[in-house]
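Reviewing the structure listed below.
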Amino acid sequence: MIQLFRVSKEYGRFRHALADVTCTIERGEFVFLTGPSGAGKSTFLKLLFRDEPPTSGQILVNGRNIGVLPPSQIPYFRRSVGVVFQDFKLIRRKSVFENIAFVQNVLGLSRAEQKRRAYQVLKRVGLHHQMNAYPDELSGGEQQRVAIARAIVNEPTLLLADEPTGNLDPVLSEEIMRLFLEINIRGTTVLVATHDFDLIRRMGKRVLSLDRGRLRDAPLRRDASPTAVREAPFLPLG
Amino acid sequence: MVKPRYIFGEAWSIARSGARQTLLAIGLIALSLYVPALFALLSKNLGRLSTDAETPAAVITLDPAADGRGIARRLADDSRVREIRIVSSDAALARFRRAYPELGAALGDLKEAPFPPTIEVRMRPSAGPGAGTAVAAAARSWPGVEIAESEEEIGRRFSDGVRIVRAAGLALGGVLVLAAILSVASAIRLALDLHRDEIEIMRLMGATETAVRAPFWLHATGEGLAGGALALVLLYATYRLGLNYLARSPHPVLSMFWGSFLDWRAVTLMPLIGAAAGLFGSMISLTRRT
Ligand SMILES: Nc1ncnc2c1ncn2[C@@H]1O[C@H](COP(=O)(O)OP(=O)(O)OP(=O)(O)O)[C@@H](O)[C@H]1O
Ligand SMILES: [Mg+2]
């Protein structure tokens with residue numbers, strides 16, 4: 001599904017956000033990406049949906065080398081990836097519904113169908129009563145859930161989430177993780193960047209750990225105590 | 001393929017969400033187009049002058065006691081002559097009063113007629129240049145003729161002058177239209193700055209370049225169209241105001257410049273220039289990088 005081979009990313013000449021990263025994520029896997037602030041988590045995700053090209057190395061997503069994707073192909077590639085941005089990236093002049101239905105609207109789906117799908121995903125994040133609100137009228141956590149709804153509405157084959165629970169209380173965080181697991185079970189590969197070790201431990205999934213742009217072999221999963229896994233309100237399903 | 005419904009919907013949403021900016025842009029566009037349009041109106045009326053004003057080819061001034069009809073009949077024998085008009089002293093005075101109302105009142109007190117009777121001679125177009133001069137020269141020796149002058153030279157100089165002014169006007173008009181297009185473009189560019197962030201988000205969501213840009217193109221074209229139409233309304237208002245003013249207090253020179261409005265071609269051209277400028281402005285400001 002995803003293969004990185006000796007990938008480096010430099011912003012400018014001296015900012016090494018990622019250095020020589022090689023790893024594989026299988027189709028249908030659920031993986032956490034962790035590391036201290038500035039370690040390169042967001043950069044890692046940005047490379048995966050071609051927000052940024054790598055400085056060197058190769059990135060294969062679904063068998064395509066996205067480092068050399070021609071610009072005209074990038075939009076079509078991005079549509080197959082759902083992204084929850086660290087800063088949400090909602091369009092302020094659009095309502096919650098319009099934000100979620102944006103790509104479908106570009107594609108010319110009927111309004112009724114757009115509404116139906118938006119309602120469905122909003123219901124899953126518990127915001128179906130806010131269809132017609134505008135981002136500025138929502139709390140941070142609500143905006144985050146809208147961003148999550150938008151990321152999953154088109155049933156992407158790959159879901160990238162950058163700190164998706166950063167603004168949520170523990171109960172909501174668990175709800176969202178449960179949602180991600182459901183999506184994962186249906187076959188979507190999920191990659192979640194987070195600081196939340198507690199969450200990672202409870203979920204008991206594979207962990208990629210970044211430190212100053214380098215991948216560390218710190219299989220947090222082994223450290224996860226069995227009790228912690230049992231304590232989780234939902235047991236890992238994958 | 002990007003669906004037209006999406007493009008129109010987005011363009012409308014952009015216009016509505018930044019209503020004040022949209023109106024501001026339309027206002028700026030209207031002002032930028034108003035200046036060259038006013039100029040076009042003036043030069044159009046100037047052009048009308050050169051074709052309307054029919055200066056006679058020759059003017060023959062008579063002795064007040066002369067047999068005007070006899071001289072007129074003699075002039076009419078020339079086959080090159082198209083029209084002969086006898087202007088009596090009274091008619092000349094009336095004409096003067098019409099053109100210069102304030103001065104005319106002062107002349108009313110005079111006992112003697114201030115203007116001698118004249119005969120205006122107009123030639124057929126086939127007569128060619130120099131005919132007016134020949135007629136004037138012949139008439140000069142006739143009894144009762146005081147002065148016989150060819151006006152051809154003056155007429156030619158006048159139309160030459162008009163032509164030069166028009167050519168200069170065309171060049172200046174071109175510069176003004178160019179300036180208008182550039183200022184429309186920068187108005188559009190300014191308005192686009194509001195939308196940089198969302199343009200970036202649209203791209204991240206997987207919108208193609210056409211899907212990102214077409215709504216903004218349409219929006220800017222619409223602003224240009226509306227701005228052009230508004231400029232037209234402003235120009236017409238100016239024109240009517242001018243007419244009203246001149247009706248109340250006629251002016252011998254200004255009245256000549258303020259005779260008719262732009263024709264339908266110029267009228268349709270204005271919103272079109274606005275729309276084209278808007279489209280151009282949005283096209284140069286929306287690139288892959290921005
Ligand atoms: N657009 C950019 N231009 C220049 N430097 C950048 C850019 N984006 C990230 N960086 C740098 O790259 C490094 C990694 O940044 P990144 O955003 O990937 O970190 P992160 O792990 O997501 O951090 P956080 O947990 O705070 O979100 C940082 O040193 C950052 O300053
Ligand atoms: Mg980050």
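Some notes on this structure:
- Of the trypsin sites (Lys or Arg not before Pro) found in the range A:171-202, those that fall in a DSSP loop while having at most 11 other beta-carbon atoms within 10 Å are A:ARG186.
- For the peptide B:10-19, the mean number of other protein chain Cβ atoms found within 10 angstrom of a residue's Cβ is 2.
- On the range B:128-244, 68 percent of the accessible area sits on carbon and sulfur atoms, based on a 1.4 Å probe.
- Most mobile listed residue (B:GLY174, B:GLY18, B:GLY70) in chain B, GNM with C-alpha springs under 10 Å: B:GLY70
- This model, with +1 at the C-beta of Lys and Arg and -1 at the C-beta of Asp and Glu, gives the protein assembly as shown a dipole about its Cα centre of some 1640 debye.
- Rg over Rh [alpha-carbon atoms, Kirkwood Rh] for the protein assembly as shown: 1.34
- Estimated FRET transfer efficiency (B:LEU272, B:ASN244; beta-carbon r; R0 30 Å; 0.05): 0.55
- In the complete set of protein chains, residue-level accessible area for A:LYS89 is approximately 60 Å², probe 1.4 angstrom.
- DSSP beta bridges in chain A [antiparallel fraction, %, rounded to 5]: 50 percent
- Excluding exposed DSSP-loop GluC sites (Glu not before Pro) (at most 11 other C-beta within 10 Å), longest clean stretch of chain B: B:113-290
- Counting only heavy atoms of the protein chains and using a 1.4 Å probe, A:HIS195 has close to 80 Å² of accessible surface.
- Modelled FRET efficiency - R0 45 Å, A:GLN120 with A:ASN65, Cβ distances, 0.05 increments: 0.85
- Fluctuation leader among A:LEU158, A:LEU69, A:LEU33 - chain A, Gaussian network, Cα springs under 10 angstrom: A:LEU69
- Separation between Cα centres of the range A:29-48 and the range A:57-110, rounded to whole Å: 18 Å
- Using the Cβ-Cβ distance between B:ARG5 and B:LEU31 with R0 set to 30 Å, the FRET efficiency works out to roughly 0.35.
- For chain B: relative contact order, % (alpha-carbon pairs under 8 angstrom, 6 or more apart): 31 percent
- DSSP-defined beta bridges in the protein assembly as shown - what % are antiparallel, rounded to 5: 65 percent
- Entry note, chain A: relative contact order of 27 percent, from Cα contacts under 8 Å with a spacing of 6+ residues.
- Among A:PHE85, A:PHE77, A:PHE49, residue whose mean-square fluctuation peaks in a GNM of chain A (springs only between Cα atoms under 10 Å): A:PHE77
The values are calculated or read from the model by the stated rules, or taken from the named source; none is laboratory data. Quick caveat, the model's predicted, so the values are computed rather than measured. Here Cβ is always computed from backbone atoms with ideal geometry, including for glycine, and neighbour counts include all displayed protein chains. Please note that ligands, DNA and RNA were not included when accessible areas were found on the heavy atoms of the full protein model with its side chains. Shrake-Rupley method; radii C 1.70, N 1.55, O 1.52, S 1.80 Å.
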